[in-house]
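These notes concern the structure reproduced below.
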Amino acid sequence: MDVVGILIATVVAFIISFVFYAVAPAAPATVETPPVRPRVWQLLVEVLRSAVTATLVTGLLFAGAWSGPAAGALLGLALWVLPVVLLTGSVVWENVPVRTAALHVTDWLIKLLAIGAIVGAFA
């Protein structure tokens, strides 16, 4: 596995999410739930999640003997099915607002395409 590709993809995925949620239209804040800044531990967990995702995509690319940004992005697109399924379940069974799930699933689409393209370029 290419550690450099994983590291770059991890940083890029973290930045993508940070920027995405900074510019995405959030639900209006209420008195009960004012907007809060993420805590340091939450940011560290997000970096870890990005690293795990980049490592998984890299491993799958190597296992499939695929290489190149296009193959990586295609794998990312295929893997996007998983967050779609999970977030659909959260809407149906846990009453998560559709708008919230749509924001998260869009973030995952962008991240998985980027991660796949980056690690694919290093594969």
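For segment 70-114, filtering for residues that are more than 18 Å from Phe14 (Cβ to Cβ) and basic (Lys, Arg) leaves 1. Among the residues that make up segment 36-43, is at least one of them part of a loop (DSSP other than H, G, I, E, B), of a type in the set (Val, Ile, Thr) and modelled with pLDDT under 95? Yes: segment 36-43 contains one or more residues that are part of a loop (DSSP other than H, G, I, E, B), of a type in the set (Val, Ile, Thr) and modelled with pLDDT under 95.
Going residue by residue through segment 105-119, is there one that turns out to be assigned to a helix (DSSP H, G or I), among the charged types (D, E, K, R) and exposed (fewer than 14 other Cβ atoms within 10 Å of the Cβ)? The answer is no; no qualifying residue exists.
When Val92, Val84 are screened for being in a helix (DSSP H, G or I) and out of contact with any helix residue (DSSP H, G or I) (no Cβ under 7 Å at 6 or more places or on another chain), only Val92 passes.
Report yes if some residue within segment 59-71 is within 17 Å of Ile16 (Cβ to Cβ) and either in a helix (DSSP H, G or I) or modelled with pLDDT under 95 (or both); otherwise report no. Taking every residue of segment 59-71 in turn, at least one turns out to be within 17 Å of Ile16 (Cβ to Cβ) and either in a helix (DSSP H, G or I) or modelled with pLDDT under 95 (or both).
Cβ-Cβ contacts under 7 Å between residues 6 or more apart (or on different chains), taken from a first residue in segment 35-64 that is surrounded by 12 or more Cβ atoms within 10 Å (Cβ to Cβ) to a second residue that is among the acidic types (Asp, Glu) and in a loop (DSSP other than H, G, I, E, B), are listed as Thr58/Asp2. Do the conditions hold for Leu77, that is, is it among the hydrophobic types (A, V, I, L, M, F, W, C), closer than 23 Å to Ile6 by Cβ and surrounded by fewer than 16 Cβ atoms within 10 Å (Cβ to Cβ)? In short, yes. For segment 80-102, the tally of residues that are surrounded by fewer than 16 Cβ atoms within 10 Å (Cβ to Cβ) and under 14 Å from the mean Cα position of the chain (by Cα) stands at 5.
The values are calculated or read from the model by the stated rules, or taken from the named source; none is laboratory data. Remember, it's a predicted structure, so these values are computed and weren't measured experimentally. Counting neighbours? That spans all protein chains shown, and the Cβs are built from the backbone with ideal geometry, glycine included.
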